[in-house]
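The values are calculated or read from the model by the stated rules, or taken from the named source; none is laboratory data. The shown structure was predicted, so the numbers you read here are calculated from the model rather than taken from an experiment. Backbone-built Cβ (ideal geometry, glycine too); neighbour counts: all protein chains shown. Side chains are part of the model used for accessible areas, which takes the heavy atoms of the whole protein and leaves out ligands, DNA and RNA. Shrake-Rupley method; radii C 1.70, N 1.55, O 1.52, S 1.80 Å.
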Amino acid sequence: MLLILKFTTYNLVLLHHEPIQKNMRIKTTAAVLLSFLCFHFTSKAAGDTSTVSAKSILKLARAYSDQLFFEQAENTYNLYLNKDTTNSDVYYELGMMEFTFMFKREEAITNLERFIRHSKSKKDTLPEVCNALGKSYQFVENYDKALEFYESFIRKLQNNEGGILLKKEANFAIEQCMFAQDHTKPTKGIVCSNLGAGVNTAFPEFDPVPLESDNNLFFTTMRFGQKTEGKTVDEEALQSIYVATKKKGSFEKAHHYRIFDSLEIGRTNIAAGSISPDNSKFYVSKDERLYVSSGKDTTWGMPVMMSDTVNSGFSQNHAMVTPDGQTLYFAANITGGFGGLDIYRCELSKNGSWGAPINLGKTINTPQDEDGPFVSADGKTFYFASKGLVGFGGFDIFKSDIHDKNLSTPVNMGRPYNSSADDLFLKFNKAGDVGYLSSGRIKGYGDMDIYRVTKVVDIDCKLLKNKTAYPVSFDASKSIDPKGVKLSYEWDMADGTKEHGIKFTHVYKRPGDYDVILTTKDSISGRVEKNEAVFPVTFKNASHIEFVSADTVYQNEEVNLDASSSVIPSKTPVKYAWKINDTEFGKGGSMSSYTFKNSGRFNLKVQIDFKCTNCKENESYCYSKVITVLEGNRRDKQKK
């Protein structure tokens, strides 16, 4: 039997394989059993599971699961499977737990596929497994397999009221998969990048609220272990507002925004909404009621609840005010809506109060949830997220044109704004070229993560095919030493290398001005006889665009970037723009630096604008290279 629990304004849907009545009854018993089993397990095994029976390990795994200790349960289930690989019930329990509670779709696929292979008499439970596999394959964007399991799920459903409803949901999922297969290409010029471990964790991070300066970011998160009334809440994650500060192009570790602590008395949920365009109001919500705080930037006063006229429904969240300050948009569950969360607007009256909420109508709202309203700085585009309009899966982000408060038919924004997971809460800066959104897409940190969206403007940027060799020949064979001492010749080539001999050819990797120093030594004693001379080497009429840097660095290690060797004959460099994955950083000089917070491969690029006397316009040249960032710390690696 499946139990569906729907809670919080973020609408997380949890599935449990036990009926809730049974789960409530066994909770206390499970705690006692868990304590006994842990003692028995550790005292008997002393770290060696070979002395513990498979039956005891399975009891412990189930006790962990019943107490919602899912990581421990997963590890213990896997210990059991080291002893017995034929128990289909275990694959079912583990796979459904990973799918339902742990957001581990790939692991769920592995174990539920094994359940099907080992199952012989599970016909009554196979529909839910097919549904879970369909959703999991859709999440990892294997749409062919997703379609296979959704269709199998539909065939196994009964034609009763519940079965008809599930068929409708599965058919909509099939429609989403087919839509995704038809829309594989991402929108050109859009880069969507994860903000990294400074902001994102294994827990949900959502509701990004950036400041216009882009140096600070507020957001909402649900993390275990937060403190309420001086006590740590371990059994339930509560919504709280966090703030992160950007340094050297990356957000530092976010911290709990304590200014709202007096609102967080007892077990309350506090969520971010938006900051008004004039940076004077911060709209937040507490337990699904809208509040507003006065202040600016990162200094905000105590939030005050908005009027009962605005807070007229069962829940209100994620408010934002239009650039002209005349319209308030928010998501709410109000009697008479289309179903679930709908998006409403309130108009500002002449006396400065907000009017009654007006539903945006069936153009925007569906029987499913709509959330995350946002209006562009020019007031012409309305952005929102919907579960009821056809997209890639879960919430998708849509946009509509605004004409005298009327909204056009929504258009799916495509990839990379959207994925097969939930994507919502898109907000842009005033220029419209940088935005933030929340997404549960694959390869994140766990649940929902926050991503930065950058619009890349195509420019006329020339890519030179640099010469890789600049040879220079040296010949000192006609030199005469009056003392008759047999000399050896050492040449400092001014590029970090040395040459030896009286006659040779040296190959420079790039043009530049090099002062080559020749030192002569007594070939027998090694004594320096004389610093003979300095030979200046200059490459004329050489065009070369490049920056020099390390190819491989570690996390949190600064990498220095040097483009000073870039040269175009008869032209003067006037501007340097440094970018990582098309996001600009640095101060614009020929030399820059960057500290990588995350591991991976990153594309770094420099664009150099050159000016010449007789040119009407500047010319732009680009150079890019991939830098590999390794996990961990260099010092720790060297110790090993």
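Details
- The length gained by stretching the chain between V534 and I517 to full extension, at 0.36 nm per residue less their Cα-Cα distance, is 5.7 nm.
- Rounded, prolate or oblate (a/c below 1.5 giving rounded, otherwise prolate when a/b exceeds b/c) for the range 566-629 by Cα gyration tensor: prolate
- With contacts taken as Cα pairs under 8 Å at a separation of at least 6 residues, the range 322-479 carries a relative contact order of 14 percent.
- At R0 = 22 Å, FRET efficiency that the Cβ-Cβ distance of D297 and E584 yields, to 0.05: 0.50
- Our estimate of slack between K616 and I442, defined as 0.36 nm per intervening residue step minus the Cα-Cα distance, is 57.8 nm.
- Label positions at K478 and D144, each projected 7 Å from the Cα along the C-beta direction, are separated by 7.3 nm.
- For the range 561-575 and the range 57-116, distance of Cα centres in Å: 59
- For the set K188, K616, K605, solvent exposure ranked by accessible area (probe 1.4 Å, protein chains only) runs largest to smallest as K616, K188, K605.
- Distance between the modelled labels on S349 and A542, one decimal in nanometres: 7.6 nm (7 Å Cα→Cβ projection).
- The chymotrypsin sites (Phe, Trp or Tyr not before Pro) of the range 253-334 meeting both criteria, a DSSP state outside H, G, I, E and B (loop) and at most 12 other C-beta atoms within 10 angstrom of the site's C-beta, are F314.
- Separation of the T245 and E631 label points, Cα + 7 Å toward Cβ, nm: 3.0
- Loop-located trypsin sites (Lys or Arg not before Pro) across the range 58-123 with a Cβ neighbour count of 12 or fewer within 10 Å are K120, K123, with loop assigned by DSSP.
- For the range 265-383, averaging the sequence separation of C-alpha pairs within contact (under 8 Å, six or more residues apart) and dividing by the residue count gives a relative contact order of 19 percent.
- Cα gyration tensor, the range 380-452 - rounded (a/c under 1.5), prolate or oblate: oblate
- Rel. contact order, % - alpha carbon contacts under 8 angstrom, at least six apart, the range 330-383: 34
- Residues F69 and S599, FRET efficiency given R0 of 41 Å [Cβ-Cβ distance, rounded to 0.05]: 0.90
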